[in-house]
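The next block holds one structure in the form of structure tokens; read it before the comments.
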């Protein structure tokens, strides 16, 4: 399958990030969202990302408009009738995603592959809703997508080897490196990172150290580029809480039980960078 254009459904932070990354590497993109306002926000996000990339000398200034021009905007998935590779990046809700996959099956060509950018939901369940389970796969992009090098490729129970290879090829075309995970809750990255962040929050909650010292200890003692509390603020404390609750529900293991401090911060609306306050102020 020679893929030169991809569809992306969902123009939030992850969807816009995938669109920017793909367009920077020469892929055509059809970016689908339900409102014009959200699409306009996505274009602004992509342009901001390109400005930063220009500042880092990763993108030539003269190429900015060319890259933006590779992203076609659409308000309906009917725009994907000729697209052979679609990445779903809608809200992290199982019903929303399964409904979308069911609709995509009626719109896209029979050989088309559907990838989900979910960070936690079952690829096998999403595949069942698609009516083309062998052609469904997970592609868990790390946030921020244009900067982070990894894409976690997640195979469902029925995912075909050809689908895995196609997803790896698309990710590599975007300049990413891949790892292959089986379809278990949290896959690899979130399953390891979520309890680490939770334990750092417990350490703060129990007075083991300040937020600054906990983060500094992990950066200097474990060679992490960012401390776990800083990472939580970047990811969004609501997203961290959702991941922990999902893992706790799926595994029943108390190590995934969210720290009460995390719960209170989310209740207070302290969600990290996106609200200006989390474990730090921004």
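Looking at the stretch 62-78, I want the residues that are within 19 Å of residue 9 (Cβ to Cβ) and have a partner that is loosely packed, with under 13 Cβ neighbours inside 10 Å and at pLDDT 95 or above with Cβ atoms under 8 Å, at least 6 apart or on another chain. Which pairs are those?
Correct list of pairs: 70/26; 75/35; 75/36.
Taking the stretch 215-238 only, how many residues are free of Cβ contacts under 8 Å to residues at least 24 places away in the same chain and either surrounded by fewer than 17 Cβ atoms within 10 Å (Cβ to Cβ) or closer than 19 Å to residue 186 by Cβ (or both)?
The total comes to 9.
In the stretch 163-201, what residues are in a helix (DSSP H, G or I), within 22 Å of residue 22 (Cβ to Cβ) and without any contact (Cβ under 8 Å) to a residue 40 or more places away in the chain?
Across the stretch 163-201, the qualifying residues are 164, 165, 168, 171, 172.
Exactly one condition in (1) surrounded by 13 or more Cβ atoms within 10 Å (Cβ to Cβ); (2) part of a loop (DSSP other than H, G, I, E, B); (3) under 21 Å from the mean Cα position of the chain (by Cα) is false for residue 59; which is it?
Tallying (1) surrounded by 13 or more Cβ atoms within 10 Å (Cβ to Cβ); (2) part of a loop (DSSP other than H, G, I, E, B); (3) under 21 Å from the mean Cα position of the chain (by Cα), residue 59 fails exactly one: (3).
How many residues, within the stretch 33-52, are more than 16 Å from residue 13 (Cβ to Cβ) and in contact with a helix residue (DSSP H, G or I) (Cβ under 9 Å, 6 or more places away or on another chain)?
Residues meeting the conditions: 1.
In the stretch 167-181, what count of residues is obtained for those that are surrounded by 15 or more Cβ atoms within 10 Å (Cβ to Cβ) and touching a helix residue (DSSP H, G or I) at 6+ places or on another chain (Cβ under 9 Å)?
Number of matching residues: 6.
Looking only at the stretch 130-153, which residues are in a helix (DSSP H, G or I) and out of contact with any strand residue (DSSP E or B) (no Cβ under 9 Å at 6 or more places or on another chain)?
Within the stretch 130-153, 133, 134 qualify.
Of the residues that make up the stretch 97-107, is at least one assigned to a loop (DSSP other than H, G, I, E, B) and more than 14 Å from the chain's Cα centre (by Cα)?
Scanning the stretch 97-107, I find no residue that is assigned to a loop (DSSP other than H, G, I, E, B) and more than 14 Å from the chain's Cα centre (by Cα), so the answer is no.
The values are calculated or read from the model by the stated rules, or taken from the named source; none is laboratory data. What you see is a predicted model, and the numbers here were worked out from it, not measured in a lab. Backbone-built Cβ (ideal geometry, glycine too); neighbour counts: all protein chains shown.
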